[in-house]
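Below is one structure, written out as structure tokens; comments come after it.
The values are calculated or read from the model by the stated rules, or taken from the named source; none is laboratory data. Predicted, not measured: the structure shown is a model, and the values here were computed from it. All Cβ positions, even for glycine, are placed from backbone atoms using ideal geometry, and neighbour counts span all protein chains on display. For the accessible areas, the whole protein counts, side chains as well, though only heavy atoms, and no ligand, DNA or RNA atoms are used. Shrake-Rupley method; radii C 1.70, N 1.55, O 1.52, S 1.80 Å.
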Amino acid sequence: MTRRATPSRRAILKGLAASSVSVLGGCSVGEAIGGGVTSGGPGQAALLLPLSGASQQLGQMLQTAASLGGGPGIGIDIFDTGSSPEDAAAAARNAVDAGANMLIGPVFGAQARAVAAAVPDQVPVVTLSNDASLAGNGLYVFGITPAHSAQAVLSLAAQRNLRDVAVIVPPGAFGAQSVSAVQALAPQLGMQLRAPIVRGDAAGIGAALANGGGTPDAVYLPAADGNLAPIARALSGLDIQLLGSAQWSALDLESDPAFNGAWFAAPDPLRFAPFRDAFAEATGSNAGIIAGLTYDGTELARTLGRQGRQSRRGLQAEDGFSGVLGPYRFLRSGLCQRGLAVLRVGSGDFALIGATSV
């Protein structure tokens, strides 16, 4: 038998980059929801996905991701959340009426709030959103949040004695949550965190850093938007360590010299590889982080169903869980702790230089 070549982290990250979506925002008004078919099996759970309306294509992709394990139909049914919070709430009520003990999904923040308000307190909701502000009162946030990225990459920076750190973010919810995460971590890590720089473009970045106290040891750039590359280029040659979030996984970083040597948080690409390969074989396309979340959420519901623990207490198991995106553990607050890798951008590939655990 010919041995299959081990894929590079660059090749696998191309899979992680696919279908990367930000789910901090809400939803648009759309079509009505569909139903689900109750099936037998150990425990009962429901997967809430947008199978109609504005995000129908995303929902169908996530449905494929969920099917790669034991799949829906073994104690797990799928309900269509449509495009609006009202559609999602109706889908959740139908799922609970059909016997669901826990809900995986929905994807979007506004829908998640509506679902949590629509179901009984004893039914936990594990949203695929990355909006940490949703957590609490039976709603658990499963997505990779700004805090997860900050914990991974700033911990490594502190270990490497990079103590004077600036953070540059765009206006908006993601930037605000990234700043809050860094401000909470900096004292624990012994870092001197400068006043955050909130900018919608790269103009005047050098002057803003100079006004903040000269050249810092490192600059954290969590947003992977159109301003990231211009900002990185503006900082090039200043002997500043660039730090990035899991959002960077969606970018072709090694083709731009400004990112050479930069560090960023990400799920370990080699751990993700078996899922990526299975998804590619099933669909002919690349999986993304949110597809991995859907797969992990489905397997979580199945595992807890076999144990008879589809409940808040089951979710909050001290030992946590392990998935294709890495180890994770739910807290009583509804937040999720995650272990992430830290990768260094090189020439044509990435090097694994650190990792966090739970």
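Heavy atoms of the protein chains alone define the surface here; on that basis segment 109-179 has 30 Å² accessible area per residue at 1.4 Å probe size. Here the peptides 293-305, 151-163, 335-347 are ranked by packing, the mean other Cβ count within 10 Å, and the order with the highest first is 293-305, 335-347, 151-163.
What is the percent carbon and sulfur in the accessible area of the chain, measuring with a 1.4 Å probe over the protein chains and ignoring ligands? About 48 percent, which is the carbon plus sulfur part of the accessible surface.
For segment 56-122 versus segment 333-358, the spacing of their alpha-carbon centroids is 29 Å. Using heavy atoms of the protein chains and a probe of 1.4 Å, the accessible area assigned to Val179 is about 20 Å². Only one residue of Pro257, Ala232, Ala152 has its Cα farthest out toward the positive end of the dipole of the chain, where Lys and Arg carry +1 and Asp and Glu -1 on Cβ, and that residue is Ala152. Reducing segment 183-204 and segment 278-321 to their Cα centroids gives an inter-centroid distance of 34 Å. When the helices of the chain are scored as -39500 (n - 2.57) per DSSP H run of n ≥ 4 and the total is divided over every residue, the value at 222 nm lands at -11000 deg cm²/dmol.
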